[in-house]
Amino acid sequence: MTVLDIHVLGSPLLRAETVAVTDFGDELQHLIDDMFQTMYAAEGIGLAAPQVGHTSRLAVLDVEKNPLVLINPEILSTEGSDKAEEGCLSIPDIFGDVERPKRVVVRALDRVGQPFEIDASGLLGRALQHEIDHLHGKLFIDYLSFMKRRAALSKWESLKEKYPLLLRKLMPADGQRASADDERSGRRARRVEEEVL
């Protein structure tokens, strides 16, 4: 498995519409594995294909030690409303309060093309919505008010020079993920980082 570069804010791929997956062969399976490896290296709980330079309609998540692959996902229904802080692996060190439906029902295909539905709320529900947004060129900062979005973008201007070619390069995970899970989960729950989301 390979740790992939993550595209950061400014990369056109983050604003592109993805293409439905129709081939579930080896190339897709390798991409899924690499995306999980990349997500863990970045200490995130979700990652969408455009964030690693691919246009496939694909995302991976791992909330509370529950790895999940979403292929061609669609939101079937939502309920309620909830506001929480979000961040994004493609916009490091930028966070903002985002209002989203409190509960969501999603239909998707798993990594071998079998359909399934998931009914989620809390952090998982938020992460699902965040990742599905990525697959349609939408970022969490799009939900911020004009003033908060302008402040976030201003802060990003001072940070993006750390990412030449608009790519975030990561080191491979150290293999100690299991022992660090509780600490990471606590940080993510406090920040509600989909990256999060």
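Show me 31-42, 140-151 ranked by packing, highest mean number of other Cβ atoms within 10 Å first.
31-42, 140-151
Nearest 20 debye, what's the magnitude of the dipole of segment 6-191 about its Cα centre given +1 on Lys and Arg Cβ and -1 on Asp and Glu Cβ?
Dipole about the Cα centre, nearest 20: 740 debye.
Please work out the Kirkwood hydrodynamic radius for the chain, using every pair of different C-alpha atoms, and report it in angstroms with one decimal place.
Kirkwood hydrodynamic radius for the chain: 16.7 Å.
Would you kindly calculate the translational diffusion coefficient of segment 1-49, applying Stokes-Einstein with the Kirkwood radius from alpha carbon pairs, for 37 °C and a viscosity of 0.692 mPa s, and quote it in µm² s⁻¹ without decimals?
273
Before rounding to the nearest 500, sum -39500 (n - 2.57) across all DSSP H runs of length at least 4 in the chain and divide by the residue total; then give [θ] at 222 nm in deg cm²/dmol.
-9500 deg cm²/dmol
May I ask for the distance between the Cα centers of segment 25-47 and segment 113-131, given as a whole number of Å?
Each part reduced to its Cα centre gives a spacing of 17 Å.
Every number in this text was worked out from the coordinates using simple rules, so none of it is lab data. The model shown is predicted, which means the values in this text are computed figures rather than measured ones. Cβ atoms come from the backbone with ideal geometry, glycine included; neighbour counts cover every protein chain shown.
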